[in-house]
Amino acid sequence: MREMDKDRVVALLNGILEQELAGVIRYTHYSLLVYGFGRIPIVSWLRDQANESLAHAQQAGEMITHLGEYPSLGIGPLLDKHELSIAAILAESLETESKALALYKELMAAVEGRSVMLEEYARQMIYAEEVHAGEVDKMMRKPGELAATRKPG
Ligand SMILES: [Fe+2]
């Protein structure tokens, strides 16, 4: 197995940890701002996403401490566009989730063929985040519309 650049891997993992923690705050914030007929299922979905982001943050943190390094106490960027339509909330969620996905893909490239554990972790997370993004994309389509609003990958 090839040698892995541990500093770079830890930096990527810390970036993921911060991004996922920002997701916890973002989803919790938006879950407080949903009104109208669809409120109950959408609030519940947003809170599930907050919990999932927390679980992902914890997993990234566990990987950092597994490597004997210090987990960041920082948090990724949070922007409040004050746009409260469900479509705007979903679009922002898709945009920020795609940043997390890009970090997981960078991590994958940094660990591939170098650490089976980290490769397996990165692969599972890419799978989970892509399924998640696909789900959001389906929610953003109009009923009866089949074409994806975003390009896969
Ligand atoms: Fe995530």
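The figures follow:
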quantity: Condition check for Ala60: more than 13 Å from the ligand (Cβ to nearest atom) and either under 13 Å from the mean Cα position of the chain (by Cα) or under 25 Å from Met117 (Cβ atoms) (or both); calculated: no
quantity: Of residues in segment 57-67 being free of Cβ contacts under 8 Å to residues at least 60 places away in the same chain and open to solvent by less than 60 Å² (accessible area, probe 1.4 Å), the one nearest to Arg141 (Cα to Cα); calculated: Ala57
quantity: Condition check for Leu73: in contact (Cβ under 8 Å) with a residue 24 or more places away in the chain and either under 18 Å from Val43 (Cβ atoms) or of a type outside the set (Gly, Ala, Ser) (or both); calculated: no
quantity: Residues (away from the ligand (no atom under 16 Å from the Cβ) and either in a helix (DSSP H, G or I) or under 9 Å from the mean Cα position of the chain (by Cα) (or both)) located in segment 81-99; calculated: Ile86, Ala87, Ala88, Ile89, Ala91
quantity: Subset tally (residues that are more than 13 Å from Met125 (Cα to Cα) and touching a Gly at 6+ places or on another chain (Cβ under 6 Å)) for segment 57-104; calculated: 1
quantity: Single condition Leu54 does not satisfy, out of (1) modelled with pLDDT under 95; (2) farther than 15 Å from Ala122 by Cβ; (3) within 13 Å of the ligand (Cβ to nearest atom); calculated: (1)
quantity: Residue within segment 42-52 that is in a helix (DSSP H, G or I) and under 27 Å from Gly113 (Cα atoms) present; calculated: no
quantity: Residues of segment 121-136 satisfying the condition of being more than 10 Å from the ligand (Cβ to nearest atom), within 16 Å of Met63 (Cβ to Cβ) and of a type in the set (A, V, I, L, M); calculated: Ala122, Ile126
quantity: Residue among Ala122, Ala102, Ala110 that is open to solvent by 20 Å² or more (accessible area, probe 1.4 Å) and in a helix (DSSP H, G or I); calculated: Ala102
quantity: Scope segment 12-55; condition surrounded by fewer than 16 Cβ atoms within 10 Å (Cβ to Cβ) and aliphatic (A, V, I, L, M); matching residues; calculated: Ile25, Leu32, Leu33, Ile40, Ala55
quantity: Members of segment 37-76 that are touching a Phe, Trp or Tyr at 6+ places or on another chain (Cβ under 9 Å) and either at positive phi or of a type in the set (S, T, N, Q) (or both); calculated: Gln49, Asn51, Ser53, Gln59
quantity: Some residue of segment 30-43 being basic (Lys, Arg) and at pLDDT 95 or above; calculated: no
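The values are calculated or read from the model by the stated rules, or taken from the named source; none is laboratory data. Owing to the predicted nature of the structure, the values given are computational and were not obtained by experimental measurement. Positions of Cβ are backbone-derived with ideal geometry, glycine not excepted, and every protein chain shown enters the neighbour counts. Note: areas computed on protein heavy atoms with side chains; ligands, DNA, RNA excluded. Shrake-Rupley method; radii C 1.70, N 1.55, O 1.52, S 1.80 Å.
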